[in-house]
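Notes follow the structure.
The values are calculated or read from the model by the stated rules, or taken from the named source; none is laboratory data. Predicted, not measured: the structure shown is a model, and the values here were computed from it. Methodologically, a virtual Cβ is constructed for each residue, glycine included, from the backbone with ideal geometry; neighbour enumeration extends over all protein chains shown. What goes into the accessible areas is simple: the full protein's heavy atoms, side chains included, and nothing from ligands, DNA or RNA. Shrake-Rupley method; radii C 1.70, N 1.55, O 1.52, S 1.80 Å.
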Amino acid sequence: IALRMDLSRFDIDSPRWDQSTFMGRLKHFFNITDCRTVLLSDARLDEAKELVESCRAGSVPPGTTEEQLFYAKKLYDSAFHPDTGERMNLIGRMSFQVPGGMAITGFMLQFYRTVPAVVFWQWVNQSFNALVNYTNRNAASPISNKQIGVAYATATSTALATAVGLNLYTKRAPPLVARWVPFAAVAAANCVNIPMMRQQEILNGIAVTDENGNKLGHSRKAAIKGITQVVISRVTMAAPGMIILPIIMQRLEKHKFMQRITFLHAPLQVMMVGVFLIFMVPAACSLFPQNCSMAVSKLEPELRNSIVSQYGDKVQYVYFNKGL
């Protein structure tokens, strides 16, 4: 009975780890980016959502343990959008970043020598990124199909132009420089893909609240800050694998045994990228708090004046979901 009473007051939305520290966020994202969760059925995920919502309503099913509640919240956070509560598409989830990203990145690093291969794999990567960016946007700012199409076309064109241009430019450069072309293309495309896919947030602002969740208005500056942090996180996520792995492969390929198993080079790179991403996906997501903050003094004058006139100096900071 005592256990049931405790769980009835269990705050399932209270962070399990301190989100104000990098280590706390790292533990959180290691938990929700667990790629094993992508193997679970929609029915199992819906069960987790139902348990989370029951806990929020203060009616935890009899016999439920604290660990079951933690696991249900893990599945909920990994598969359902924080703004809408809707189940996200499988490929766009952060928990799919390791299996999806390792396959695409591995092939980009392997097939970098010819223009057709560069074009194909950069197109595949930008299609994947566009879906991830759309899935993890701040859903309070809707985007039209036309805007999605323009964002996708612009980011893909940027990636292709960067990759093909550098590929041709580095024909006479040292081999290692050519191996780094895919990363340059990915970094350039991220700087375009994410802001374009989330352009509504920049144009119209995103919802900002006080520390208690009370909505205060919409801010474009908050959107720019959040999206900038997401761009930095995504480039950081890709950097170690796409910069260090080419060095490793260049040295390995000098050995005779590697020259005899060229058909295994692509699978080998896919596996090694996976090792990098297992650590880098949660680490990159942890660089900045997802519930981002901004001083009222740094907001647009009209929003700042509105908050000051209504709350005086009681509200010093606003908070918003920066997305992933």
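Laid out as a table, the results:
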item	result
Criterion: farther than 18 Å from Ala155 by Cβ, assigned by the TED database to the domain that holds Tyr152 and surrounded by 14 or more Cβ atoms within 10 Å (Cβ to Cβ) - qualifying residue of Phe276, Phe257	Phe276
Of all residues in the stretch 74-103 being among the hydrophobic types (A, V, I, L, M, F, W, C) and under 12 Å from the mean Cα position of the chain (by Cα), the one that is surrounded by the fewest Cβ atoms within 10 Å (Cβ to Cβ)	Ile91
Number of the exception - Val119 against (1) assigned to a helix (DSSP H, G or I); (2) under 17 Å from the mean Cα position of the chain (by Cα); (3) in the same structural domain as Gly205 (by the TED database)	(2)
Among residues of the stretch 214-245, those that are assigned to a loop (DSSP other than H, G, I, E, B) and closer than 26 Å to Pro282 by Cα, counted	0
Selection count where residues are in contact with a helix residue (DSSP H, G or I) (Cβ under 6 Å, 6 or more places away or on another chain), open to solvent by 30 Å² or more (accessible area, probe 1.4 Å) and of a type in the set (A, V, I, L, M), scope the stretch 27-61	1
Residue identified as assigned to a helix (DSSP H, G or I) and either in contact with a strand residue (DSSP E or B) (Cβ under 9 Å, 6 or more places away or on another chain) or modelled with pLDDT under 80 (or both) among Ala103, Ala155	Ala155
Any hit, the stretch 183-205, residues being buried (at least 18 other Cβ atoms within 10 Å of the Cβ), farther than 20 Å from Ala130 by Cα and either under 22 Å from the mean Cα position of the chain (by Cα) or free of Cβ contacts under 8 Å to residues at least 60 places away in the same chain (or both)	yes
